[in-house]
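Input: a single structure, listed below in structure tokens.
The values are calculated or read from the model by the stated rules, or taken from the named source; none is laboratory data. Predicted, not measured: the structure shown is a model, and the values here were computed from it. Virtual Cβ from ideal backbone geometry, glycine too; neighbours counted across all protein chains shown.
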Amino acid sequence: MAATISASNWKNVEVGRVVLLQEGPYAGRLATIVEIIDHKRALIDGPSSDASLAVPRQPFSFSNLLLSAFVIDKLPRGARAGAVKAAWEKAGIDAKWKESNWAKKRVQQQRRKALTDFERFKVMRLKKQRRFEQGKALAKVKASA
């Protein structure tokens, strides 16, 4: 009987892994791990095509990083900024991120946070209206069954 060994699907800390920064002046921006310094820190670089989303190369603690599912394949350890930028654009990380559910949820949370009282009231009224319509449709289905 042969045993099969397969790697887990966990997101690993590795060179080329795209991360989301949680704290500091660049919180909410994407970067990639360029080099692993020690068991607590990594050197990151975020060469986004949008200048307002770029992150300069710096050491960053793993406790303030969230690992994403995206990896830049074959990124060499300690790659310079130009090589990282080319690999980032070739992998299409910005486009992949914008299409991900994670990014869409973050945008929605930011929009909800920015609502005024009146806008929150309008959302509440629309939710009530939707529930009423769903209830009516459900009652119609139950009555016909």
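Annotation: A54 fulfils all but one of (1) modelled with pLDDT under 95; (2) of a type outside the set (S, T, Y); (3) loosely packed, with under 14 Cβ neighbours inside 10 Å; the unmet one is (3). The condition of being out of contact with any strand residue (DSSP E or B) (no Cβ under 8 Å at 6 or more places or on another chain) and surrounded by 10 or more Cβ atoms within 10 Å (Cβ to Cβ) holds for only one of K142, K96, K122, that being K122. Applying the set (1) in contact with a strand residue (DSSP E or B) (Cβ under 9 Å, 6 or more places away or on another chain); (2) of a type in the set (A, V, I, L, M); (3) without any contact (Cβ under 8 Å) to a residue 12 or more places away in the chain to A86 leaves exactly one unmet item: (1). Only one of the listed residues (I37, I44) is farther than 21 Å from Q110 by Cβ, more than 17 Å from the chain's Cα centre (by Cα), among the β-branched types (V, I, T) and at pLDDT 95 or above. That residue is I37.
Any residue at all in the stretch 66-85 that is part of a loop (DSSP other than H, G, I, E, B), in contact with a helix residue (DSSP H, G or I) (Cβ under 8 Å, 6 or more places away or on another chain) and within 22 Å of Q110 (Cβ to Cβ)? No, every residue in the stretch 66-85 fails to be part of a loop (DSSP other than H, G, I, E, B), in contact with a helix residue (DSSP H, G or I) (Cβ under 8 Å, 6 or more places away or on another chain) and within 22 Å of Q110 (Cβ to Cβ).
All of E35, E23 fail the test of being in a loop (DSSP other than H, G, I, E, B) and of a type outside the set (S, T, Y), apart from E23.
Checked against the criteria, W88 does not count as in a helix (DSSP H, G or I), hydrophobic (A, V, I, L, M, F, W, C), surrounded by 11 or more Cβ atoms within 10 Å (Cβ to Cβ) and touching a helix residue (DSSP H, G or I) at 6+ places or on another chain (Cβ under 6 Å).
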